[in-house]
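Worksheet: one structure, shown below.
The values are calculated or read from the model by the stated rules, or taken from the named source; none is laboratory data. Every value quoted in this text rests on a predicted model; they were computed, and no experiment measured them. For neighbour counting, all protein chains shown are included, and Cβ atoms are generated from backbone atoms with ideal geometry for every residue, glycine included.
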Amino acid sequence: MQRLQVSVPAQPSKCDVLIGRGILSAAGTEIRRRLGRRAQRLALVSNKKVFKLYGPAVVDSLEASGFQVSHWLMGDGERYKSLKTAETALQFFSEHGIERTDAVVSLGGGVTGDVSGFAAATYLRGISFVQIPTTLVAQIDASIGGKVGVNLSSGKNRAGAFHQPRVVIADLETLKTLPARELTAGWCECIKQGAIGGRKLFKQTVDYLSQTTGKRMAVSLQLQNLIAVHLAFKASIVRSDAREDPERKDPRSRRILNFGHTVGHALEELTGYRRFRHGEAVGWGMLVAGELSKNLGLLDQSELESLRAGVRLCGPLPAARDIDADAILNAVTHDKKSARGLVQWILLERIGRPRIVSGNEIDVAILSMSIRDVLQKRNYE
């Protein structure tokens, strides 16, 4: 088991991140260590598929550490990341006697963590929260940093909070049961972090994918070390800019984590959150951002080719050619990452060197061309 600590300014406690193989059985002990003896009840939030695989082992571990555990299973998929789902979770907490000294435990992927974390942040004005991520996206990104929230009809993640987990328990054995598309989504997020994090992280990720493409997921020490360095990178950004200061535009701003997300969110919204997994949409979004960076004269063609190659190694992305480019343009202008009414694009000067560019610095014709060249031409398929 490897341990990583995320220290966030103005937070009353630190978040410990535990990474290892076969560590679900230690969940009860680790959670009790952080919550102390006053915590009596835990509300475990999961979905039917994940709970069937891992719920019994986690519940046994929690009960062995003296917790009374109630579990609630939410729907599976981005379309369930809603206020209605969060309201149902809050009602469940109330009905099962969850008190301020108790906690919510999320067992699942990013959607489960976002919804249960949002509910924990708002129930009784905030109670403790624990993440047990079971997908690659959640383990290297979504579970770290304390961003929780739900989607509104006006856009993705429009209602949310910063609510740091007390502990994150990432058991790599859970990755062995992920379908291929879920792995593709996770690897796209890894490529994203490499592209903004540095050449070393990007190369380490690409080298791993080059060696394992087409092979069955193997939980190895090499994979554990790769996930650990991705977690360390995400943690370093969170420590630097915990609440995503809107005035920061430097390469260590938390905004850089949104590379690929502006177009990615638009694709998710325009397809009703049914066609793309989040990481797959981010994969397309990175390609558009890379193309835009090149068309603006920021990024060399060779660097763009490196980004393209990295995304290809992640696996096939769902088709996007039929999505209207004008609709995408309209959607990105309403992206929640805007500042003073302007979209803040995360672009690249080179692999490992992100740059924040305000929307008013980008010619609409160049943006439109970049979207069409990536999403509607076969050379990107």
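A compact table of results
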quantity	calculated
Residue match in segment 75-96 (condition: touching a Gly at 6+ places or on another chain (Cβ under 8 Å) and over 30 Å from His265 (Cβ atoms))	no
Enumeration of residues in segment 270-289 that are touching a residue at least 60 places away in the same chain (Cβ under 8 Å) and buried (at least 23 other Cβ atoms within 10 Å of the Cβ)	Arg277, His278, Gly279, Glu280, Val282, Gly283, Trp284, Met286, Leu287, Val288
Matching residues in segment 128-187 - criterion: being out of contact with any strand residue (DSSP E or B) (no Cβ under 8 Å at 6 or more places or on another chain), surrounded by fewer than 24 Cβ atoms within 10 Å (Cβ to Cβ) and closer than 13 Å to Gly110 by Cβ	Lys156, Leu178, Glu182
Segment 64-84, subset among the hydroxyl-bearing types (Ser, Thr, Tyr) and over 19 Å from the mean Cα position of the chain (by Cα), residue farthest from Lys48 (Cα to Cα)	Ser65
Helices (runs of 4 or more DSSP H) within segment 246-362 that include 3 or more residues over 23 Å from Gly145 (Cβ atoms)	278-295, 301-314, 325-332
Any hit, segment 198-212, residues being surrounded by fewer than 24 Cβ atoms within 10 Å (Cβ to Cβ), of a type in the set (A, V, I, L, M), not in a helix (DSSP H, G or I) and not assigned by TED's automatic domain parsing to the domain that holds Val150	no
Among (1) modelled with pLDDT under 95; (2) surrounded by 14 or more Cβ atoms within 10 Å (Cβ to Cβ); (3) closer than 21 Å to Leu257 by Cα; (4) of a type outside the set (Ser, Thr, Tyr) - the single one Arg350 does not satisfy	(1)
Single match in Ala138, Ala120 (criterion: touching a Phe, Trp or Tyr at 6+ places or on another chain (Cβ under 9 Å) and among the small types (Gly, Ala, Ser))	Ala120
